[in-house]
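Here, each number is a calculation from the coordinates, and none is a lab measurement. Because the structure is a prediction, the values reported are computed rather than measured. Here the Cβ positions follow ideal geometry from the backbone for every residue, glycine too, while neighbour counts run over all protein chains shown.
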Amino acid sequence: MGNHQSCPLLKIIEAYSGSIFPIWHSDQDYPTVGLILLGNTGVGKSFLANILLGENTFEHRFSTDSVTNTTEFKSFRASGRRYVVFDVPGLIECDEAAIERNKIQIQQAFEQRPNCIVAPVFSNGISGRLRNEDLVAFNALNNVYHFRPESLLFIINDLPTNYSSCYEEEAAVRLNHLLEMKSLKICFISRIDINSYWKRKQLRMKLLNDFDNRKPSTHRKTGEIVLPLNKIKQLEEEMRKKQDDFEAKRKELEKQIRWQKKMEGMRENDWCVIL
Ligand SMILES: Nc1nc2c(ncn2[C@@H]2O[C@H](COP(=O)(O)OP(=O)(O)OP(=O)(O)O)[C@@H](O)[C@H]2O)c(=O)[nH]1
Ligand SMILES: [Mg+2]
């Protein structure tokens, strides 16, 4: 009946061994938390769900077409919790029927486990940009589920291994601004060698650490997910403009900071001359 959340050593052992002491603890001993990975097709939802499970349960594939079309779930135990991880389809697709199917499948996950942590997964490893379609898909779901910041863990997946240290700060400021939310927590993930046992375990450990600090909340739909195919382009265009505005403001701010520093430097030099 133990709450292991406070014991770091146990956390590490659990992350590396899957679930620990299966004979001593039954599933009922652990609070159950849903874990719903959301995001457009190809961002790596199924891949990450498998990493968390420590096994290849959900189909994931490098593909030109969407892979997951129906919602599936599986539970695992870690850090004093029993997580039920959901593998759901992406939201945005090229045809209306697929979007409608996806909406129903996503809703099923929330109906089955309303008390959950939500992990929106974004991915664009080549450029590091936050893609407008990912932001639009998140907003469409957020409009009806009203996610609470403490139950959200954003995942930016598939980054190059050598991304710069400023990237995390920049992406965090930008994401908060674009989604008009505060204190968003982000987990940054570099592309791993899928065949490396240790890399997979390390990634599991990193994800679990971040999920442990999230607080699940109850998600009930307050309306229908509105995302007609003919509106997606318009919403993406609006998001692009928002990104451009943010970029312009950022550049202006940088200019002001540079100018300020220059002035301070000049003032210091003046003092040096006087002294
Ligand atoms: N090697 C490697 N492959 C990754 C990584 N992240 C994602 N992938 C690959 O990216 C591809 C797409 O991932 P999926 O998990 O199928 O994407 P998805 O979001 O589930 O896509 P849908 O099911 O279509 O919604 C798969 O081939 C994954 O193995 C990574 O860190 N390393
Ligand atoms: Mg999938």
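Which trypsin sites (Lys or Arg not before Pro) in segment 144-228 pass both tests, a DSSP loop state and at most 10 other beta-carbon atoms within 10 Å? Spell out each step's value before the answer.
Values: sites: R174, K182, K185, R191, K199, R200, K201, R204, K206, R214, R220, K221; in loops: K182, K185, R191, R214, R220, K221.
Passing both the DSSP loop test and the Cβ count: K182, R220.
So if we plug the beta-carbon distance of S164 and E247 into 1/(1 + (r/R0)^6) with R0 = 22 Å, what FRET efficiency do we get, rounded to 0.05? After rounding, the FRET efficiency stands at 0.80.
With the radius of gyration and the Kirkwood radius both derived from the Cα set of the chain, what is their ratio Rg to Rh? That ratio equals 1.05. Dipole orientation for the chain: of the candidates G42, H219, A78, A78 has the Cα lying most toward the positive pole (charges on Cβ; Lys, Arg +1; Asp, Glu -1). Please determine, in degrees from 0 to 90 and to the nearest 10, the orientation of helix 197-212 with respect to the longest principal axis defined by the Cα atoms of the chain, where the helix direction is its Cα long axis. It works out to around 80 degrees.
The Cα center of segment 72-109 and the Cα center of segment 116-165 differ in position by 15 Å.
Compared with the dominant principal axis of the Cα atoms in the chain, helix 8-17 is inclined by about 60°.
Modelled spin labels at R101 and T218, positioned 7 Å past Cα toward Cβ, are 3.3 nm from each other. Once backbone amide H atoms are built at 1.01 Å from N, G80 has H4 as its partners under 5 Å, excluding neighbours fewer than 5 places away on the same chain. A cut-off of 5 Å between modelled amide H atoms, ignoring neighbours fewer than 5 places along the same chain, links L153 with V118, A119.
Shape summary of segment 32-163, radius of gyration then Dmax from alpha carbon positions: 14.1, 42 Å.
By how many degrees, between 0 and 90 and to the nearest 10, does the Cα long axis of helix 132-145 differ from the longest principal axis of the chain? Tilt relative to the chain: about 60 degrees. With R₀ set to 30 Å, the beta-carbon distance separating W259 from V173 gives a calculated FRET efficiency near 0.90.
Less than 5 angstrom separates the built amide H of N40 from those of L91, all sequence-distant by 5 or more or on a different chain.
Relative contact order of the chain, please, whole-number percent, based on alpha carbon pairs below 8 angstrom and at least 6 residues apart. Numbers along the way, then the final one.
Numbers: 425 pairs, mean separation 53.4, N = 275.
This gives 19 percent for the chain.
Quick check on the chain: helices-only [θ] at 222 nm, where DSSP H runs of length 4 and up contribute -39,500 (n - 2.57) each and the sum goes over total residues. Nearest 500, please. Provide the component values of the computation, followed by the final result.
Values: 7 runs with 126 residues, N = 275.
It comes out at -15500 deg cm²/dmol, rounded to the nearest 500.
In this rough spin-label picture, where each label sits 7 Å from Cα along the Cβ direction, the I192-E111 distance is 3.4 nm.
Both numbers refer to the Cα atoms of segment 203-243; Rg and Dmax are 17.0, 41 Å. Loop-located GluC sites (Glu not before Pro) in segment 44-118 (DSSP state not H, G, I, E or B) with no more than 14 neighbouring Cβ atoms inside 10 Å: E55, E59. Geometric descriptor of segment 167-275, per residue, is 235 Å³ (volume of the convex hull of the Cα atoms).
Which is the longest stretch in the chain that no exposed loop site breaks, taking sites as chymotrypsin sites (Phe, Trp or Tyr not before Pro) with a DSSP loop state and at most 12 other Cβ atoms within 10 Å? Intermediate values should be presented prior to the final figure.
Details: sites that count: W24, F62.
With a cap of 12 other Cβ atoms within 10 Å, the longest stretch comes to 63-275.
Structural size metrics of segment 32-83, computed from C-alpha coordinates, are Rg and Dmax of 11.7, 39 Å.
Stokes-Einstein diffusion for segment 130-205 at 4 °C, viscosity 1.567 mPa s, with a Kirkwood radius from C-alpha pairs, works out to 93 µm²/s.
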